[in-house]
1. Which is in contact (Cβ under 8 Å) with a residue 24 or more places away in the chain, out of contact with any Asp or Glu (no Cβ under 8 Å at 6 or more places or on another chain) and closer than 16 Å to R71 by Cβ, of R46, R51?
2. Within region 66-98, can you find the residues that are buried (at least 18 other Cβ atoms within 10 Å of the Cβ), touching a Pro at 6+ places or on another chain (Cβ under 9 Å) and either outside any helix (DSSP H, G or I) or free of Cβ contacts under 8 Å to residues at least 40 places away in the same chain (or both)?
3. What are the pairs with Cβ atoms under 8 angstrom where one residue, in region 14-35, is assigned to a loop (DSSP other than H, G, I, E, B) and surrounded by 10 or more Cβ atoms within 10 Å (Cβ to Cβ) and the other, located anywhere, is among the hydroxyl-bearing types (S, T, Y) and at pLDDT 75 or above? Sequence gap at least six, or different chains.
4. Restricting attention to region 92-119, which residues are of a type outside the set (A, V, I, L, M, F, W, C) and modelled with pLDDT under 90?
5. Being of a type in the set (G, A, S) and closer than 23 Å to P44 by Cβ is the filter; apply it to region 99-123 and report the residue that is surrounded by the fewest Cβ atoms within 10 Å (Cβ to Cβ).
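The values are calculated or read from the model by the stated rules, or taken from the named source; none is laboratory data. Everything numeric here is computed off the predicted structure, so don't read it as measured data. With ideal geometry, Cβ positions are generated from the backbone for all residues, glycine too; neighbour counts draw on all protein chains shown.
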Amino acid sequence: MSSTPRAWTEPAQRPVPAGAPEPLPEPARDELRLEVVMGALSDPLRMHIVRTLLLESEEFDHTCGWFGLDRPKSSLTHHFRTLREAGLIRQRQYGLERRSHVRVDDLQARFPGLLALVADWQQ
């Protein structure tokens with residue numbers, strides 16, 4: 001993870017690498033609901049996770065350990081599941097680990113400008 005976040009400029013979704021597993025269950029683009037998305041983002045840790053993926057991600061997706069969060073695994077599992085079920089992130093199961101990335105294209109289509117607000121957020 002880099003020490004200085006890059007400026008966020010509405011990136012396109014990165015292409016899915018060959019051989020990537022199917023995503024875990026998530027809402028379809030047209031099922032994304034603003035109140036559910038905003039509810040998921042209302043927790044500062046979840047906002048931090050999404051913002052970090054937007055500004056510092058250099059690969060297709062990242063494990064929970066990449067974030068360097070000092071939280072119990074069960075707590076992180078809850079936060080990542082909340083983000084996935086709200087439609088903010090997509091997760092794929094690689095063996096024993098889950099990797100995540102932001103659903104940029106879907107969120108930009110449903111809620112234009114939302115990700116720019118997340119990127120500008122300061123804790």
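1. Numbers: R51 fails: closer than 16 Å to R71 by Cβ.
Sole residue among the options that is in contact (Cβ under 8 Å) with a residue 24 or more places away in the chain, out of contact with any Asp or Glu (no Cβ under 8 Å at 6 or more places or on another chain) and closer than 16 Å to R71 by Cβ: R46.
2. G87, R90, Q91, R92, listed by residue number.
3. Final answer for the pair search is P21/Y94.
4. Scanning region 92-119 gives R92, Q93, Y94, G95, E97, R98, R99, S100, H101.
5. Among residues in region 99-123 that are of a type in the set (G, A, S) and closer than 23 Å to P44 by Cβ, the one surrounded by the fewest Cβ atoms within 10 Å (Cβ to Cβ) is G113.
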